[in-house]
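Each remark here refers to the structure printed beneath this line.
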Amino acid sequence: MPLNIRKVLVCDAVDKSCVELLEQHGIKVTYKLKLPVEELCQEVKNFDAAIVRSDTKITAEVLAAGSGSLKVVGRAGAGVDNIDVPAATAQNVVVLNTPGGNSISACELTCILIGSLARPVVPAGQSMKEGRWDRKLYAGTELYGKTLAVLGLGRIGREVAIRMKTWGMRIIGYDPITTEAEAQAAGIEKMTLEEIWPLADYITVHTPLIPATRNLISTETLAKCKQGVKVVNVARGGIIDEQAVLDGLESGKVAGAAFDVYPEEPPKSAVTKALISHPKVVATPHLGASTSEAQVRVAVEVAEQFIALNGTSPKYTS
Ligand code: NAD
Ligand code: MLT
């Protein structure tokens, strides 16, 4: 049965193409960004649907406040970590997301971070800005011939594998669901985690954050890795245990790490801050999906799904 979505509250900075498409289909859109939770609870009472990216948390409290009016929450992004899905389901609120719309962007950032761990472009660039010319300090290593372990062989993991293979890396990977044939098609040798740890020069994680993947990279698993292993997390904070990486960087077990995501965003904990400040760490502020192309894609995808829920097909006027 069509949902009859007429009024949508956009809570985070979603590309204007979303608004344009919704309005072309008779849906009124109101932008109210970064609302404090009390105001958000008041506002949701006046809307059929809300659209968020990462900043706004749609908690059980917000959903309860919107009870009777709110029918849909749309996430212009892949994960739905900032939406209380069980609470929404209990209230018959549809939760939708746009998996895939930002995969290539997240994949490309991952590849760039892997490269930045091999060649210290970030500190070298900074040294130039500070007026230094220090060629010896910033020598690196080749990626060619090194082994990259990809943990999580879904949309992003496989795209990373395909690209890094073309750089001459050996790609090994683990995923409990992806088949051997699917892995092979992306140039990945599928293995068990126990087989992977001692072989990897680089490990990149591309799983959701679920109980089975929390601290997938930990003191225990790092102990099984090569001396000087490098790790990358463009998936979700918490999949790599930050304290374990800090300890590993100090002992030399870990030679470098790159993070785009953190257990708390923006980061507040002393451990995350120490990690970000470490000279062998490259840190970005959750930029995986932050490209113009990905933002247009997820914005259009979320709007198209709203229009479909109204029982119509999207029509494009421009
Ligand atoms: P996906 O669902 O396509 O792939 C995830 C894969 O992880 C699946 O193949 C699944 O079988 C696998 N998996 C599940 N449990 C596992 C386990 N215990 N060990 C190994 N693999 C396991 O997801 P995706 O679109 O590729 O996204 C991957 C991650 O990247 C998600 O956490 C997503 O939220 C995150 N992401 C981050 C950004 C960013 O801006 N940094 C952007 C997009 C997506
Ligand atoms: C996602 O879940 O899509 C990413 O983390 C990117 C984002 O939050 O925009």
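The values are calculated or read from the model by the stated rules, or taken from the named source; none is laboratory data. Nothing here was measured: the structure is a model prediction, and the numbers come from that model. Counting neighbours? That spans all protein chains shown, and the Cβs are built from the backbone with ideal geometry, glycine included. For the accessible areas, the whole protein counts, side chains as well, though only heavy atoms, and no ligand, DNA or RNA atoms are used. Shrake-Rupley method; radii C 1.70, N 1.55, O 1.52, S 1.80 Å.
Which members of the stretch 189-201 meet the condition of being within 12 Å of ligand 1 (Cβ to nearest atom) and either among the polar types (S, T, N, Q) or surrounded by 15 or more Cβ atoms within 10 Å (Cβ to Cβ) (or both)?
Answer for the stretch 189-201, where residues must be within 12 Å of ligand 1 (Cβ to nearest atom) and either among the polar types (S, T, N, Q) or surrounded by 15 or more Cβ atoms within 10 Å (Cβ to Cβ) (or both): LYS190, MET191, THR192, ILE196.
For ILE239, are the conditions met, namely being within 16 Å of ligand 2 (Cβ to nearest atom) and either closer than 22 Å to GLU194 by Cβ or open to solvent by 40 Å² or more (accessible area, probe 1.4 Å) (or both)?
In short, yes.
Tally the residues that are open to solvent by 80 Å² or more (accessible area, probe 1.4 Å) and farther than 24 Å from ARG119 by Cα, restricting the search to the stretch 144-167.
1
Among the candidates THR312, THR291, THR272, which residue alone is polar (S, T, N, Q) and under 19 Å from VAL231 (Cα atoms)?
Going through THR312, THR291, THR272 in turn, the sole match is THR272.
Taking ALA255 and the conditions (1) of a type outside the set (D, E, K, R); (2) over 20 Å from LYS57 (Cα atoms); (3) in contact with a Leu (Cβ under 7 Å, 6 or more places away or on another chain), which numbered condition does it fall short on, given that it satisfies the others?
Every listed condition holds for ALA255 apart from (3).
Kindly indicate whether any position in the stretch 300-314 is acidic (Asp, Glu) and part of a helix (DSSP H, G or I).
Yes - at least one qualifying residue is present in the stretch 300-314.
For the stretch 89-108, name all the residues that are at pLDDT 95 or above, open to solvent by 30 Å² or more (accessible area, probe 1.4 Å), of a type outside the set (Asp, Glu) and within 15 Å of ligand 2 (Cβ to nearest atom).
VAL95, ASN97, ILE104
May I ask you to list the residues in the stretch 168-188 that are crowded, with 17+ Cβ neighbours inside 10 Å and away from ligand 1 (no atom under 11 Å from the Cβ)?
MET169, ARG170, ILE171, ILE172, ALA186, GLY187, ILE188
Taking the residues in the stretch 257-292 that are of a type in the set (D, E, K, R) and within 13 Å of ligand 2 (Cβ to nearest atom) as candidates, determine which candidate is surrounded by the most Cβ atoms within 10 Å (Cβ to Cβ).
Of everything passing the filter in the stretch 257-292, ASP260 is surrounded by the most Cβ atoms within 10 Å (Cβ to Cβ).
Specify which of the listed residues (LYS7, LYS28, LYS34) is at positive phi and open to solvent by 60 Å² or more (accessible area, probe 1.4 Å).
Result: LYS34 is the single residue among LYS7, LYS28, LYS34 that is at positive phi and open to solvent by 60 Å² or more (accessible area, probe 1.4 Å).
Picking from GLY74, GLY145, GLY152, GLY131, which residue would you name as being under 22 Å from TYR262 (Cα atoms), modelled with pLDDT of 95 or more and of a type outside the set (A, V, I, L, M)?
Of the residues listed, the single one that is under 22 Å from TYR262 (Cα atoms), modelled with pLDDT of 95 or more and of a type outside the set (A, V, I, L, M) is GLY152.
Being within 24 Å of the chain's Cα centre (by Cα) and either away from ligand 2 (no atom under 16 Å from the Cβ) or open to solvent by less than 10 Å² (accessible area, probe 1.4 Å) (or both) is the filter here; which residues of the stretch 64-82 pass it?
VAL72, VAL73, GLY74, ALA76, GLY77
Among the residues of the stretch 202-216, is there at least one that is over 20 Å from the mean Cα position of the chain (by Cα) and open to solvent by 70 Å² or more (accessible area, probe 1.4 Å)?
no
Which ranges mark the helices (runs of 4 or more DSSP H) fully within the stretch 22-134 that have 2 or more residues being within 16 Å of ligand 1 (Cβ to nearest atom)?
Hits in the stretch 22-134: 103-118.
I'd like to know if the stretch 259-274 contains one or more residues that are without any contact (Cβ under 8 Å) to a residue 60 or more places away in the chain and within 17 Å of ILE114 (Cα to Cα).
Taking every residue of the stretch 259-274 in turn, at least one turns out to be without any contact (Cβ under 8 Å) to a residue 60 or more places away in the chain and within 17 Å of ILE114 (Cα to Cα).
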